[in-house]
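The values are calculated or read from the model by the stated rules, or taken from the named source; none is laboratory data. Just so it is clear, the structure is predicted and the values come from calculations on it, not from any experiment. No Cβ is skipped: glycine too gets one built from the backbone with ideal geometry, and neighbour counts run over all protein chains shown. For accessibility, only protein heavy atoms count, side chains too; no ligands or nucleic acids. Shrake-Rupley method; radii C 1.70, N 1.55, O 1.52, S 1.80 Å.
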Amino acid sequence: MRNRFLPALALFASVFTIASAHSLFAQQSAEKPKPEDTEIWKPEPPVVTPGAKWGDPPSDAIVLFNGKNEDAWVSAQDHTPAQWIVHNGILTVNKKTGNIETKQKFKNYQLHLEFRIPADITGTSQARGNSGVFLASTGPGDDGYELQVLDNYNNKTYVNGMVGSLYKQAIPLANAARKPGEWETYDVIWTAPTFNSDGSLKSPAYATVFFNGVLVENHFQLQGQTLYIGKPFYKAYDRAPIKLQAHGDKSKPISFRNIWVRELP
Ligand code: MG
């Protein structure tokens, strides 16, 4: 009688052992992380063809000045066609007609531009090659958000107002100025501030700036508009033009070339 059950018992025991082992193995293999667990394949980033050389606009750039005309720009004062001087592929400040700004409005973006302080620049402190790139020109009566342009190759001024500064808010991490007469580059990442429906600040603006390839502002959080006088504050806006400054000082006007922007999410 006993013997009749023994083979069945043995079979049951072996099946149970195999099943347990298999289940343990399955459990272990399920818990063991695999490289594939953390791979993301979709959606793929858009294809962008880079410029032929450093500084050239990539395929998805909006070209704001390519040396031919200033069609992308208007007078910041009255929105009539811009009247700076276009000559030999270069855009030069016209102090008589004032600041110019882009027709197009932007939110977050990557910006490239080049500027040149005249070789025979004169003046001191803020009155020496002063211009500026307003990363958001928020309308008449506002100061906006200015990335300073100035000759500080051999010219002292307050450091939160020197070239590479976010005017009176962010001292540049380095003075990477080239000699007057040489072309200089700005590459900027601008994260626009956002606002709640009641106009209160939702998230602040940030700026990262490379000056002649040197990092001078590293994801700097702005406290508001870059004011000439007083404590910065935010004022709600949605999209804004980029503005170039015709500063009122007596030194020779500065020039720009190769200006392009890429909109960012
Ligand atoms: Mg300025």
Q) Has the stretch 21-38 got any residue that is open to solvent by 100 Å² or more (accessible area, probe 1.4 Å), assigned to a loop (DSSP other than H, G, I, E, B), among the β-branched types (Val, Ile, Thr) and modelled with pLDDT of 55 or more? A) no
Q) So which residues in the stretch 50-89 are among the aliphatic types (A, V, I, L, M) and either open to solvent by less than 90 Å² (accessible area, probe 1.4 Å) or in contact (Cβ under 8 Å) with a residue 24 or more places away in the chain (or both)? A) ALA61, ILE62, VAL63, LEU64, ALA72, VAL74, ALA76, ALA82, ILE85, VAL86
Q. Of (1) of a type in the set (Val, Ile, Thr); (2) more than 14 Å from the ligand (Cβ to nearest atom); (3) over 17 Å from the mean Cα position of the chain (by Cα); (4) crowded, with 19+ Cβ neighbours inside 10 Å, THR102 satisfies all except one. Which?
A. (3)
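Report, by residue number, each residue of the stretch 218-233 that is within 16 Å of LEU135 (Cα to Cα) and either open to solvent by 40 Å² or more (accessible area, probe 1.4 Å) or not in a loop (DSSP other than H, G, I, E, B) (or both). Spell out the reasoning first.
Applying the first criterion (within 16 Å of LEU135 (Cα to Cα)) to the stretch 218-233 yields 218-228, 232-233.
Across the stretch 218-233, the qualifying residues are ASN218, HIS219, PHE220, GLN221, GLN223, TYR228, PHE233.
May I ask you to verify whether SER251 is in contact with a Pro (Cβ under 6 Å, 6 or more places away or on another chain) and within 14 Å of the ligand (Cβ to nearest atom)? Give the steps one after another, and end with the answer.
Values: in contact with a Pro (Cβ under 6 Å, 6 or more places away or on another chain): no; within 14 Å of the ligand (Cβ to nearest atom): yes.
When the stated conditions are applied, SER251 does not pass them.
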Q. Of all the residues that make up the stretch 191-214, how many are open to solvent by less than 60 Å² (accessible area, probe 1.4 Å) and under 24 Å from GLY129 (Cα atoms)?
A. 7
Q: Kindly check whether there is at least one residue in the stretch 114-129 that is open to solvent by less than 10 Å² (accessible area, probe 1.4 Å), within 11 Å of the ligand (Cβ to nearest atom), among the small types (Gly, Ala, Ser) and closer than 14 Å to SER251 by Cβ.
A: yes
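Tell me the strands (runs of 3 or more DSSP E) entirely within the stretch 66-157 that contain at least 2 residues that are within 19 Å of ALA240 (Cβ to Cβ) and not small (Gly, Ala, Ser). Let's see the steps before the verdict.
On the way: elements: 73-75, 85-87, 90-92, 100-102, 108-116, 131-136, 145-149.
The strands (runs of 3 or more DSSP E) meeting that bar are 73-75, 100-102, 108-116, 131-136, 145-149.
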